[in-house]
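The values are calculated or read from the model by the stated rules, or taken from the named source; none is laboratory data. Just so we're clear, the structure is a prediction, and the values are computed from it rather than from any experiment. When we count neighbours, we look across all protein chains shown, and the Cβ atoms used for this are built from the backbone with ideal geometry, even at glycine.
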Amino acid sequence: METAQVHIPDNAEYRELKKFIDENGKEPGPLIQVLHRAQKIFGYLPPEVQHFVARELRLPFGQVYGVVTFYNFFRTEPIGDHIVNICLGTACHVKGASEILKVLEQELGIRVGGTTQDRFYTLSTARCFGACGLAPVMMVDDEVYGRLNPQKTLQILRDLRNAQTVN
Amino acid sequence: MSIYRTHILVPVDEGTVQAGVFEVKRRLEQKITEQGLGNEVKVVESGTVGIVGKGVILVVYPERMYYTNVRPGDVSLIVEEHLLKGRIPPTLKYASLDIQGGLKSLHNTGLTREQKRVVLDKSWKMSPEDIREVLATGGYKAVEKIFTEKMTPEAVIDLIKQSGLRGRGGAGFPTGLKWEATRKAAGDQKYIICNADEGEPGTFKDRLILEGDPHKLIEAMVIGGYAIGATKGYIYVRGEYGLSIQRMQQAIDQAREYSLLGPSVLETGFAFDLQIKIGAGAYICGDETALIESLEGKRGNPRIKPPYPVTNGLWQMPTAVNNVETLANIPEIVNRGAAWFRTMGTDKCSGTKVFTILGHVEQPGLIEVEMGTPLREIIFAYGGGVAGGKKFKAALLGGASGVFLPEKLLDVHMDFESLKENKAVLGSGAVLVMNEATSIPDMLFSILKFYAHETCGQCAPCRIGTHQLLQLAWKLREGQGRVEDIDTMLNLAETMQRTSLCPLGQSVVAPVKSAIDNFRDEFERAAGHSEIS
Ligand SMILES: Cc1cc2nc3c(=O)[nH]c(=O)nc-3n(C[C@H](O)[C@H](O)[C@H](O)COP(=O)(O)O)c2cc1C
Ligand code: FES
């Protein structure tokens with residue numbers, strides 16, 4: 001892929017990212033912080049966005065791609081409206097996290113990394129949220145849910161869906 | 001500031017937020033105003049008290065009464081009975097630390113048992129969001145002391161050396177020596193970095209310091225910067241810690257306003273400023289050299305050591321990397337002296353240690369106690385013992401790179417030296433308790449899965465070895481393993497220890513070897529299934 005040939009649309013999202021880069025790009029080693037912001041804006045980091053970041057920061061595309069794929073936080077695929085993130089860390093594991101994961105996969109009909117057909121939920125796993133006292137733990141977007149059991153897990157997912165349809 | 005007769009702490013953390021702490025707080029404030037107690041009773045939103053899974057918690061000072069599982073409907077009773085009439089409503093669940101005024105201590109065991117708090121001394125007594133409260137409770141006194149008493153950087157380093165403070169990030173390296181080496185290293189620009197990546201599963205101590213007392217960390221970094229000759233500091237916080245990042249940033253902004261950070265700290269001419277950098281979810285970035293790479297905006301591949309960061313750190317400049325908990329000790333050492341610090345802990349490991357108690361215990365949570373406290377006391381006296389009357393089987397100390405300790409080692413003292421004698425490590429201070437029903441091969445499988453996912457892929461022994469180990473562990477767990485596989489696993493892990501590039505690959509041997517050495521029969525039984533075929 002040649003940077004020059006990638007078409008980058010001129011829209012509000014890119015302008016917002018450009019503004020951030022202009023303000024923060026002078027800091028040494030800004031790449032990771034810029035990618036954080038880009039993902040916040042776009043929801044994920046498709047090749048165009050990575051090219052844009054590379055161009056603006058004057059970095060080789062390979063370096064941007066290398067960083068994006070190294071860190072768990074960065075996603076290259078679009079995701080659903082909500083991310084369900086289940087912790088499989090040791091403290092959650094002893095408290096039955098793998099059972100919760102099974103329940104999640106069954107209820108949503110997807111495997112880890114997948115997104116439901118209606119683009120509502122994406123299922124993901126984590127190593128530890130630092131909320132281990134509440135194990136087993138999952139996060140739905142920024143919200144932490146602890147002391148899970150299968151019923152409670154299903155209830156949380158269904159409540160969120162219902163809340164959405166009511167609105 | 002007015003004097004209040006009573007303070008009510010409202011600890012805000014993930015658990016209490018989930019349990020509805022803000023509604024309780026709102027009602028509490030409303031009820032207090034209604035009863036005309038507004039000038040006598042102050043409600044303070046604090047960091048966590050370390051008790052988790054007990055719903056909304058209120059702590060009433062000076063009585064040190066803990067109310068747990070508080071529901072909004074309980075608030076009237078607490079205000080009318082306790083605050084107004086001084087009677088404890090008997091229907092509510094509570095525990096008291098002190099025996100005072102006829103109140104009986106309900107808990108000799110559990111997280112409300114007496115602790116030794118140094119790094120967490122204040123985080124639950126004041127609002128971390130208001131620098132005026134921090135200043136009023138002795139915050140930034142240590143920085144002031146250094147400047148008013150005209151302590152030289154060398155004197156500060158000497159003090160830290162004498163205190164015997166050792167790094168709490170896992171390796172236990174003497175902090176004073178690290179600072180001295182950074183100070184002496186040649187370089188125009190030096191850096192101090194706070195390692196707040198806290199990636200070890202089962203650990204959340206640093207988070208509670210970041211959220212509960214962010215100003216203490218700033219104070220420590222100003223002191224560290226002054227001692228090593230750095231004008232710039234970074235706090236590398238893991239991306240998952242949203243509240244920590246927010247509170248830390250707010251604290252930095254306030255500190256700048258009060259001239260505690262900036263071009264001339266307290267008008268002394270000493271320039272020092274701090275910046276937060278947010279991690280992106282890679283365990284290996286907790287390693288100091290990988291962290292530095294990541295700070296530079298690159299993949300978090302660890303560097304080959306030596307050279308060490310103290311001479312060739314961030315941008316190849318001299319850099320001191322310190323853990324959050326390590327730094328949080330600094331202000332009190334400056335305030336109260338090295339001799340005071342040495343009265344706590346053991347000869348070779350002075351001070352306190354924060355432990356997170358997890359897994360199958362009655363009361364999961366966090367405590368700060370003296371270095372060298374026996375493991376048994378931590379699990380049984382503080383954690384309340386194994387939950388549900390089950391029997392103890394093992395404790396995993398120090399997270400994924402930790403060791404499995406069997407029951408016969410329960411009396412080990414929790415300090416770097418004693419643990420080393422027992423082939424264990426203190427690590428991050430996570431104590432994960434497993435009951436008799438836990439399968440050790442299954443636990444090891446979970447840990448190896450973690451390693452296979454988190455290996456950075458830079459060197460072959462670790463990249464390939466972690467996956468080989470995972471496969472063998474999977475076969476054992478699924479009843480498809482052979483007895484020989486057990487020794488193959490040991491062999492692999494030991495080879496990785498010798499040949500891996502960084503401490504991640506080198507440390508796999510700890511959980512593998514301790515699991516197999518101490519629970520070999522379980523692995524053999526798991527392997528036994530397939531012998532017939
Ligand atoms: C794989 C790996 C992960 C680590 N994770 C952390 C961590 O999350 N937090 C931390 O403070 N130190 C961590 N360390 C230790 C750091 O490399 C370093 O020793 C420490 O930050 C030094 O601070 P201290 O002297 O105050 O302990 C880790 C080391 C390795 C090898
Ligand atoms: S192990 Fe799951 S939150 Fe820590």
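I need a count of the residues in the range B:263-287 that are surrounded by fewer than 16 Cβ atoms within 10 Å (Cβ to Cβ) and on the phi > 0 side of the Ramachandran plot.
Residues in the range B:263-287 being surrounded by fewer than 16 Cβ atoms within 10 Å (Cβ to Cβ) and on the phi > 0 side of the Ramachandran plot: 2 in total.
Can you tell me which of B:ILE284, B:ILE276 is among the hydrophobic types (A, V, I, L, M, F, W, C), within 14 Å of chain A (Cβ to nearest Cβ), without any contact (Cβ under 8 Å) to a residue 60 or more places away in the chain and within 16 Å of ligand 1 (Cβ to nearest atom)? Walk me through it before giving the result.
Numbers: B:ILE284 fails: without any contact (Cβ under 8 Å) to a residue 60 or more places away in the chain.
None of the other options fit; the residue is B:ILE276.
For residues that are surrounded by fewer than 18 Cβ atoms within 10 Å (Cβ to Cβ) and either within 8 Å of another protein chain (Cβ to nearest Cβ) or not in a helix (DSSP H, G or I) (or both), tally how many sit in the range A:44-58.
Total satisfying the criteria: 3.
Looking for something of a type outside the set (Ser, Thr, Tyr), within 11 Å of ligand 1 (Cβ to nearest atom) and within 15 Å of the chain's Cα centre (by Cα) - is there at least one such residue anywhere in the range B:216-226?
no
Does any residue of the range B:237-244 turn out to be within 13 Å of chain A (Cβ to nearest Cβ), assigned to a strand (DSSP E or B), β-branched (Val, Ile, Thr) and within 14 Å of ligand 1 (Cβ to nearest atom)?
Yes, the range B:237-244 contains at least one residue that is within 13 Å of chain A (Cβ to nearest Cβ), assigned to a strand (DSSP E or B), β-branched (Val, Ile, Thr) and within 14 Å of ligand 1 (Cβ to nearest atom).
Out of all the residues in the range A:24-35, is one or more surrounded by 19 or more Cβ atoms within 10 Å (Cβ to Cβ) and more than 10 Å from chain B (Cβ to nearest Cβ)?
no
Only one of B:GLY398, B:GLY457 is within 12 Å of chain A (Cβ to nearest Cβ), within 16 Å of ligand 2 (Cβ to nearest atom) and on the phi > 0 side of the Ramachandran plot. Can you tell me which?
B:GLY398
In the range A:45-65, is there at least one residue being under 18 Å from the mean Cα position of the chain (by Cα) and closer than 30 Å to A:ALA135 by Cα?
no
Please find, within the range A:81-107, the residue that is nearest to A:CYS128 (Cα to Cα) out of those that are aliphatic (A, V, I, L, M) and more than 15 Å from ligand 2 (Cβ to nearest atom).
Taking the candidates together, the pick is A:ILE83.
Restricted to the range A:21-36, and to residues that are part of a helix (DSSP H, G or I) and more than 20 Å from the chain's Cα centre (by Cα), which residue is modelled with the lowest pLDDT?
Here the residue is A:ASN24.
Could you check how many residues of the range B:281-306 are away from ligand 2 (no atom under 16 Å from the Cβ), farther than 13 Å from B:GLN458 by Cβ and not in a helix (DSSP H, G or I)?
4
Within the bounds of the range B:350-362, is there any residue that is within 16 Å of ligand 2 (Cβ to nearest atom) and either in a loop (DSSP other than H, G, I, E, B) or free of Cβ contacts under 8 Å to residues at least 40 places away in the same chain (or both)?
yes
Would you mind stating whether A:VAL140 is surrounded by fewer than 18 Cβ atoms within 10 Å (Cβ to Cβ), in contact with a His (Cβ under 8 Å, 6 or more places away or on another chain) and within 14 Å of chain B (Cβ to nearest Cβ)?
So A:VAL140 fits the description; yes.
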